[in-house]
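Okay, so here's the structure we're looking at.
The values are calculated or read from the model by the stated rules, or taken from the named source; none is laboratory data. Bear in mind that the values here come from a model prediction, so they are computed numbers and not experimental data. FYI the Cβ positions are ideal-geometry reconstructions off the backbone, even for glycines, and counts take in every protein chain you see.
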Amino acid sequence: MRVLVVGAGPVGLMFCAKLSRYGHECILIERNPLRYTMSRASTLQPASLECLKEFTFLPRLIARGHCVHDLMSWDVDRDLKNICSFDLIDGETSYPFRLHVNQSLLRDELIRFLCQCPSCTILDQTDVTSVLSNSSAHGVALRVKLRGSSHLEQILHGDCLVVSDGAKSVLRTQLGIDFDGFDLPAPVVRFSVDSIPEVLSRELAGVSYLKRFGSSVSCLKMLDGWRFILRPTIAEVSEALFSSDWIRKKLAITFQFLIQPSWWKTVSGLRDSYRVSQRVASSRVRQRAILIGDAAHITNTRGGFNLNFGIMEAHSLATSFSKGMYLDDLWSWSNRWSMLTRSVLLPRTARLLFGQTPFQSLGASDQKEILMRASLLDCLDFTD
């Protein structure tokens, strides 16, 4: 079987890596240079680590990140702080922690693996200009062109097409599949610093969700510092997008009970922002084409659910092919994961989106149940 895969993000790479391990031929097409390093996601949940454990690079990837063993919710105004330990799920996984590692490092490891796989061909800086064929009778044919060239075109043939070219998927549009949902009116703003005062770091867990004066701040400990994620109101968007002063002011107000507000004026940091949406493809399958990852769904960024869900999908789809799933059975696989998308992924991210903070006033058994859901371990059986 030959599979054409469009999109070399972590999900597309994961699918190719898994499929190549079973000896199936795949051709991976990516419009950007392969070493393109733009990265937003930074969290790998235990369920994703379980999907990656068959790869020898996983210990190296873990060493390049920061392992988070505790999550904290902290309502500062109500003086309510709760800490939840991953020790509660120690018996459920070989990886009872959340790994904070830049998405680009995961891509590096998967690319290195695929470059050693004779069954995988990678075409980067290549655009898909048209879908020439997509049918049960004749398989899939794509016309592709090397970027920047007016004449270097070729036609690629395959038994099926895996679409993993992201939230703005060109192929999803070409296949006539709608992307239903909504875009949030305000962006997410991130601010990364090399270090913070010890008096503050002592009070924070590896992941901390804070509420203060009606606003939320997510604090993530990274291997090389700290990352703060803020969500401005619509009225604050203009200032938040174009000025670091807004971020510094917000963080100064949030943590003024611990450190002097003036400290935030002196610290150097990197700021970026991105829009957030809650959308899902109206269908995952068109004949021999199937959507996975951001091409199939895009959600609120808290907890890294969208990336981790996509990694699990890629693992599941490749495993199904390795077990002899017929191409005519794509609908069955699609229906199962569409159900999970609508019943698990969207509701869980929506709860986080609207400020429902976990772990508050809960006993150990309830905390374990929430951790199983937050880590997506309760969905792991669907990947086999």
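Worth a mention:
- Scan of the stretch 312-344 for residues that are in contact with a helix residue (DSSP H, G or I) (Cβ under 9 Å, 6 or more places away or on another chain) and among the basic types (Lys, Arg), ordered by number: 336
- Applying the criterion of being in contact with a helix residue (DSSP H, G or I) (Cβ under 8 Å, 6 or more places away or on another chain) and crowded, with 19+ Cβ neighbours inside 10 Å to the residues of the stretch 167-189, the residue that is farthest from residue 347 (Cα to Cα) is 171.
- Output for the stretch 73-104, where each listed residue is outside any loop (DSSP other than H, G, I, E, B), modelled with pLDDT of 90 or more, within 20 Å of residue 42 (Cα to Cα) and in contact with a Lys or Arg (Cβ under 8 Å, 6 or more places away or on another chain): 86, 100, 103
- Selected residue (criterion: farthest from residue 16 (Cα to Cα)) from residues of the stretch 79-101 that are in contact with a strand residue (DSSP E or B) (Cβ under 8 Å, 6 or more places away or on another chain) and surrounded by fewer than 20 Cβ atoms within 10 Å (Cβ to Cβ): 80
- Counted residues, the stretch 131-156 - those being surrounded by 12 or more Cβ atoms within 10 Å (Cβ to Cβ) and at negative phi: 15
- Scope the stretch 1-31; condition among the small types (Gly, Ala, Ser) and either crowded, with 22+ Cβ neighbours inside 10 Å or under 13 Å from residue 161 (Cβ atoms) (or both); matching residues: 7, 8, 9, 12, 17
- Going through (1) under 26 Å from residue 142 (Cβ atoms); (2) surrounded by fewer than 24 Cβ atoms within 10 Å (Cβ to Cβ) one by one, residue 313 falls short only on (2).
- Test: residue in the stretch 254-263 that is in a strand (DSSP E or B) and aliphatic (A, V, I, L, M): no
- Checklist (1) touching a Gly at 6+ places or on another chain (Cβ under 8 Å); (2) under 14 Å from residue 287 (Cβ atoms); (3) of a type outside the set (S, T, N, Q) applied to residue 175, failing item: (1)
- Meets criteria (under 22 Å from residue 304 (Cα atoms) and not in a loop (DSSP other than H, G, I, E, B)) for residue 238: no
- Residues that are touching a Lys or Arg at 6+ places or on another chain (Cβ under 9 Å), exposed (fewer than 14 other Cβ atoms within 10 Å of the Cβ) and closer than 21 Å to residue 216 by Cβ within the stretch 258-283 comprise 270, 272, 274, listed in sequence order.
- With respect to the stated conditions, residue 58 is out of contact with any strand residue (DSSP E or B) (no Cβ under 8 Å at 6 or more places or on another chain), at pLDDT 95 or above and either surrounded by fewer than 18 Cβ atoms within 10 Å (Cβ to Cβ) or of a type outside the set (Ser, Thr, Tyr) (or both).
- In the stretch 237-257, the residues that are under 17 Å from residue 216 (Cβ atoms) and among the hydrophobic types (A, V, I, L, M, F, W, C): 237, 240, 246, 247, 251, 252, 253, 255, 257
- Scanning the stretch 207-231 for residues that are at pLDDT 95 or above and not in a strand (DSSP E or B) yields a total of 0.
- Condition check for residue 238: assigned by TED's automatic domain parsing to the domain that holds residue 136, closer than 27 Å to residue 188 by Cα and surrounded by fewer than 21 Cβ atoms within 10 Å (Cβ to Cβ): no
- For the stretch 198-243, a residue qualifies if it is free of Cβ contacts under 8 Å to residues at least 24 places away in the same chain and among the polar types (S, T, N, Q), and the qualifying residues are 238, 243.
- Of the helices (runs of 4 or more DSSP H) lying entirely inside the stretch 270-384, not one is found with 2 or more residues being modelled with pLDDT under 85 and closer than 20 Å to residue 14 by Cα.
- Hey, residue 162 in contact with a Phe, Trp or Tyr (Cβ under 7 Å, 6 or more places away or on another chain) and in contact (Cβ under 8 Å) with a residue 12 or more places away in the chain or not: yes
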